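Right, one structure below, let's go through it.
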């Protein structure tokens, strides 16, 4: 499906400084375009009625959540975490398909998602973009569904559907009335094993993804810089290849490439079904067994992922992109870190809190230092992205104020980082960061689609329901010493790439303008 954006680590921070846990943890995702709900020239009547009912529920819910979130400020993070976990039920079908059900009976709607444990990082070298290309082609046809009819059927039933592709996963979802859930399962199970691809349709869709790349990447200087920085950051890991693919390789993708990838990865024993909304586990199990359960286990599907690992970092990397289309002088930096999957116990949570304090929003140390106090930048911040199967990243960014050279901006960011590494964070900062994260968690838990994504994303990278529901408690256990330790460990310039975006030749940083090694770099 046509993406609305390709969101890189630093770009995510620019777009949203709220630090929302799910949104910022999904690096490089393509997709998420919603369809209008129409039948002919009018909105589906049932859908309008449900929407009206949900608006009434939403107002009451908003008041409740506001009161709840404010009341949380009076609690310790530890006490707050006790009652915040959503209780989901998980089970496995006989064919190996994992199922998670998240009941929410406040309105008669459901979110139905199928996640495949495969993404762009699983592509054969030289076939970049095939995971995302197949995602598009999954909306073509089966023996039961004519070309282009999948989304139209969902729409006629008053629902919404879409899909997205990341480095580690591909997901398909529908948001429908409860009584349409069985039909969604039937359709999704059908295309899991019965995809039909016409050569002409494949070539047409290939032109679509090539145009996506031109419009979203090649015509966007910030996206180009992000792409080049990732390629420099990852020396061996496939995360250095863009999810959408390299243009010259995308041009060569074929029908057979798509079918080969499909047969290697799309099967119930490599998939996760997530259903959130007005359902019970027993209802979902019955429907799932009647649809997905009829598909046999595929012993030939690839379920074990073998990823090349990164070599030990020995040198910081720097690059600059000069582009007349760039509107402002800006800088970004990415550091390699562990992810929630690869980190030692407590490390990922500490990294989340570190970047909440250092880089998230107008109260962060970076923003206050660069924007409020020194006036060196018009915007600045950073975040931690840890929801990956392999490594995670810390990202920093700043947009220079008029007339301020980028090396001076970079030096100011380095000063903030050096102070965190040397002195750590205060207990007050840590408590505020925990409360902020946990309040975000409460608000996000009120949205059934967000809940489905929260569980789906984590399970797709090998985490468990218990990991998801234990996150508030894990965040609450992090100490100031834990935060200081991960700052000293992972603010490592040798494991980083720094990029400058230069609007024109007059702002190019000369060699003599590059700042000397900062205090934190001298620690390595």
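Here, each number is a calculation from the coordinates, and none is a lab measurement. Given the structure is predicted, the values throughout are model-derived calculations rather than measurements. Every residue, glycine as well, gets a Cβ built from its backbone with ideal geometry; the counts of neighbours run over all protein chains shown.
Overview of results
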{"read-out": "Radius of gyration, Dmax [segment 189-289; alpha carbons; angstrom]", "value": "18.4, 50"}
{"read-out": "Residues in segment 241-264 that a label on residue 307 would reach, taking backbone N under 17 Å of a point 7 Å out along Cα→Cβ", "value": "241-245"}
{"read-out": "Rounded FRET efficiency, nearest 0.05, which uses the C-beta distance separating residue 264 from residue 481 and R0 of 56 Å", "value": "0.80"}
{"read-out": "Simple label model, 7 Å out from Cα along Cβ direction - residue 300 to residue 198, nm", "value": "2.6"}
{"read-out": "For segment 317-523, share of DSSP beta bridges that run antiparallel, in % to the nearest 5", "value": "80"}
{"read-out": "Tail beyond 20 Å, pair distance distribution of segment 317-523 (Cα, percent)", "value": "59"}
{"read-out": "Share of Cα-Cα pairs in segment 294-425 lying beyond 25 Å, as whole percent", "value": "40"}
{"read-out": "Extent along principal axes [Cα atoms of segment 114-180; Å; largest to smallest]", "value": "42, 23, 14"}
{"read-out": "Residue 179 paired with residue 428, simple spin-label distance in nm, labels 7 Å along Cα-to-beta-carbon", "value": "5.8"}
{"read-out": "Cα-only radius of gyration and Dmax that characterise segment 171-220, units Å", "value": "15.9, 44"}
